[in-house]
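What follows is a short report on a single structure.
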Amino acid sequence: MHLLSALMLAFATITLLPTTVAAPLSTLTGTVLNRSPVINTRTPSAEAGLIGVACPGGSALGCSIKHGREFLSSTIKRTFTRSPSAEAGLIGVACPGGSALGCTVKHGRDVFVSAMKNTFARSPAPAPEAGLIGVACPGGSALGSPKPLILFIDAYDSFSNNIISLLETELAISTRTIKIDDPTLCTDEAFHAELSHYAAVVCGPGPGHPGNEEDVGIMRRIWRLGNAQMLPVLGICLGFQSLCLELGAEVKRLRGPQHGMIRKVTHAEGGRDGTSYGGDIFAGVGEVLATLYHSLCVDVGQDSISEAAWISAKWKASSACPDLVPLAWVGSDGSKNDSGIVDNRVLVAARHVTKPFWALQYHPESICTNKESKKVIRNWWELAQSWNRDHRATATQSEHPIQGSVAVRQSLLASSKQVSHPASSRIQSLPDFGLSSQYHFRTIKLGHYVSVPEIMEALGGMDSDQIMLESSNSQDISPDVRGRFSIVALDVTKAPSFRYIARSHRMTICLPSRIGNQVSVDVRPYGGIWGFLAIFLNKRRLTGNVNMPFWGGFMGFTTYELGLETIGVESKSSNARSGERPDLCFAWITRSLVVDHVNNCIYVQVLTENNADIQWLEAVSSRLNNISLPESRFLGAYLGAGHPSMRSESAKSSTTSLSTPPSPGQTPVESARTSIFSPDIPKATADALPNIFLPSETEYETKVSRCQDHIRAGDSYELCLTDQTLVQTPASDAWLLYRKLRSHQPAPFASYVRLGGATLVSSSPERFLKYDADGNCELRPMKGTVRKTPEISTLADAIPFLDIPKEKAENLMIVDLVRHDLHSVCGSGMVEVPRLMVVEEYRSVFQMISVVQGQITKTESGENNYTGLDVLAASLPPGSMTGAPKKRSCEILQDVEKRERGMYSGVVGYMDVGGRGDWSVTIRCMFKWDDEDVISPDNNGVEKTTETWHIGAGGAVTILSTPRGEREEMLTKLNGTLGVFG
């Protein structure tokens, strides 16, 4: 009865909404939980937020929920299962079969009520023990008390949203964010008015130096607040350095920068001698293993202290910085290590001696920082609240408009409806085709393994536009890396195409079947290119065969430069290129094949608005049913010339090894390969040697060193440096190049694309983003490569080469970056990492991968829902091809590389009418532009065509890299693709 009494007391101060509860209140034995990270993420209103959940029959983590149990375990556990709070009250909200499903809940109603409806409405007969019983808000009535606001100052870092997620899931608060250079806060009056909304401030991490005004912006003004405006602050990394610099410390470069390194933190709760020093934010905190991302450190005079005095002196303010109290350190014993650890006595936490300022020089939000560090965040918030109660001159107020925004970006569908434009701009209507399409398909069973290229060749039309996304490693042994489906677009030349050039603000739509077949649309009224695509696709949503990943819709590619546009970085090299090359080129595919390599069948499918397409469907199905080719041809296409059964064939053609790069002055390199050329080319031309222009050894190593200079200066944590090899060759058969590449490097995300004046031949092993109609998203960043050799031929051989600090740090930095990108759409607490730094085996290499997953929460109305397209737009360019922080790293790489990447480092894939999408990173590839083809007469006056293929390759440069090692890694990746010309 003690729990019932407590519950009745909690209800006494609030007015309950009418609800039907499926179990009597006396059966409640669960705990009331708080801190929902999801409900408040999209509502700036002060009344937003649902805080907790209570379940009957046990604790909220373990109760038996009969209705929607999978939903509870996958969503509610992540959303609501946080530490209990004595402040929590109860209010009945969601129970199956009763009025609570439709009651007016003003706190996060769109998110919470729709989720509960979707979950519990499916159950026809509520069981007595079923249901969620209550929801709690701290501090009073569930309908009346807002959660406290924390202001997050964003210094353009790529981990900021992870920190916001940590705050919102560990504390009963909401956050708002502003940039360090927010122009609306340039005056003290505006700045102080903004701060009046908040209970505390977090000054986040970022690139640069705290002494540079442009790198810290308004952070510096935080430390100089007068007593009337004072409020609690937590600085993280750049915020830590800014505070220390303000209080008299010197900011210096570490001798051994630490990026993506996990270090043991010695903190004030207990030093190595076990003595307690009154731990402040470290009170009650055990061993902290923290991820470091910093090249700079603060000098408070620690190196002048003797070893004998250090044990006690390290916790006291120094004469150099009397207002700064040290709280935590990391050190070095001076021994050799492979983590780049050189510096001893590195301060990583501190507080102001009298003001409510605390700071950390490590990343508490990193996926590899241990859970003990979360106690530090909770301690800080308790101290901040205590300080506010005792010292805050005025309570937080909201008379002034709030400038801070929620971290979750507005959905593309919502933003496209709210963009304002000059009166002179006229919104053009979207093309009307495909609005009433219906989906039809036929299934064709195959008797044995058939390669996708053979299917394409049997259907013909190889001289026209093509799009093929192939799982060319579908027969590999490892289930972790092999792909299941391949997708072939048919009649691409007849399909509408969509072309966009970065920063042009105009989409060119080509409609081959119509008179006046080209339309140019200004995309700004739709919120930009991504808003335009979101609206277009949303109007054509339908359902189809659930066994297939693609029913029809957009297929195509985006360039790396399109990604630069999405993050506000101007491509310096694009000004000199042809104005007709698209940075986004999609075809609207209504006729396609899906090959299921597991069930060994082909699905022929069509989106149609007329009977003619049904006749086409029957004709193609009949044609495929009659295909009969020797099985050995199919196996040969997959196994390739290196397989024992194919050696007699491979012996007929000679190859030239390019594994040894040329020395300076030996470029271009010439390589003979005649069998890849089109039979229509005269023999004299076919015998000509391609000119291969490799990156200069010395220049590439110099670029690596320049990248490391930026890392040492604190401008970046990791830079994904790339370069390009150019191959000038007589007109070749791109399809045969693809056939050879897939046989040597089978991959789950191979592709062959001829579209928009470009040709792409790719054997990519890296999935960028996959999403489904239910809002499940997955990114698969790949960092860490070891080439197969006779000495390194198994996973067991490869793991020791990748299980080292340098390789793991590369992967970790991108994982944390990808989490940040996903949080910007999915919201706090809705991103997880089920696989971290796992080594996978491919035909020619071993790769370290991680899997990052997110869940998009849908609104009840569905009108302005987020989709996977929001995640795609938020995540470009791929983090595995940029480095971190993404924006500053891309700016640096623009200056270092001084060339356009083009299709390399972009993405290729699809987004279909069912709301699904799958995109791979365009690596291990080559591409060409038609406008670079040169037609000229040879010595005999016969016209010949010379084409230029681009092959990109590179790697992640960290402070632990060596110029030679990075060059060799680049060449390892390059030669796999370049070998098709050998």
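The values are calculated or read from the model by the stated rules, or taken from the named source; none is laboratory data. Small disclaimer: the values here were computed from a predicted structure and weren't measured. Using ideal geometry, Cβ is built from the backbone for each residue, glycine included, and neighbour counts are taken over all protein chains shown. Ligands, DNA and RNA are excluded from the accessible area calculation, which covers all protein heavy atoms including side chains. Shrake-Rupley method; radii C 1.70, N 1.55, O 1.52, S 1.80 Å.
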* Going by a ≥ b ≥ c, the root eigenvalues of the Cα gyration tensor, does segment 907-982 fall in the rounded group (a/c under 1.5), the prolate group (a/b larger than b/c) or the oblate group? -> oblate
* Which semi-axis lengths, in whole Å and largest first, follow from the square roots of five times the eigenvalues of the Cα gyration tensor of segment 870-931? -> 23, 18, 9
* Given the peptides 253-265, 337-349, 808-820, arrange them by the average over their residues of other C-beta atoms within 10 Å, most packed first. => 808-820, 253-265, 337-349
* Asked: By accessible area of protein heavy atoms, probe 1.4 Å, what ranking do ASP522, ASP333 get, highest first?
  -> ASP333, ASP522
* **10 Å beta-carbon shell around LEU166, net charge (K/R +1, D/E -1)** => -2
* Asked: Once the Cβ-Cβ distance between ASN776 and THR948 is put in as r, and R0 is 30 Å, what FRET efficiency do you end up with, to the nearest 0.05?
  -> 0.15
* Asked: With a ≥ b ≥ c the root eigenvalues of the C-alpha gyration tensor of segment 286-420, is it rounded (a/c under 1.5), prolate (a/b larger than b/c) or oblate?
  -> oblate
* Give me the percent of the accessible area of segment 847-967 that comes from carbon and sulfur atoms, probe 1.4 Å, all protein chains in place. => 44 percent
* To do: Can you quote the Å³ per residue value for the convex hull of the Cα atoms in segment 303-376, rounded to an integer?
  => 121 Å³
* Linear extension gain, LEU736 paired with ASP463, 0.36 nm per residue minus alpha-carbon span -> 97.1 nm
* Check the straight Cα-Cα distances from LYS336 and name the lysines below 23 Å, setting aside those fewer than 8 residues away within the same chain. => LYS252, LYS264, LYS806, LYS808
* Structure fact -> The percentage of the accessible area of segment 199-257 (probe 1.4 Å, all protein chains present) made up of carbon and sulfur atoms, to the nearest whole number, is 41 percent
* Qualifying aspartates and glutamates (Cα of each under 15 Å from Cα of LYS147; at least 8 residues distant if same chain) -> GLU47, GLU87, GLU168, GLU170, GLU382
* Which part of segment 206-233 falls in the paramagnetic zone of THR187, meaning amide N under 17 Å from the point 7 Å along Cα-to-beta-carbon? -> none
* Count charges around ALA734 for me, please; just the other residues with Cβ under 13 Å from its Cβ, Lys/Arg as +1, Asp/Glu as -1. => -1
* Residue separation times 0.36 nm, minus the C-alpha to C-alpha distance between ASN611 and SER936: what's the value? -> 112.2 nm
* Computed lengthening from ASP333 to ASP797, 0.36 nm per intervening residue step minus Cα-Cα distance -> 163.9 nm
* To do: Go through 314-324, 760-770 and give me the packing order, highest mean Cβ count within 10 Å leading.
  => 760-770, 314-324
* To do: Calculate, for segment 779-894, the solvent-accessible area per residue in square angstrom, rolling a 1.4 angstrom probe over the heavy atoms of the protein chains.
  => 28 Å²
* Asked: Of LYS572/LYS887; LYS494/LYS973; LYS179/LYS886; LYS494/LYS770; LYS314/LYS355; LYS494/LYS572, which sit over 25 Å apart, Cα to Cα?
  -> LYS494/LYS973; LYS494/LYS770; LYS494/LYS572
* **Sequence-distant residues sharing a close amide H with TYR717 (under 5 Å, placed H)** => ALA884
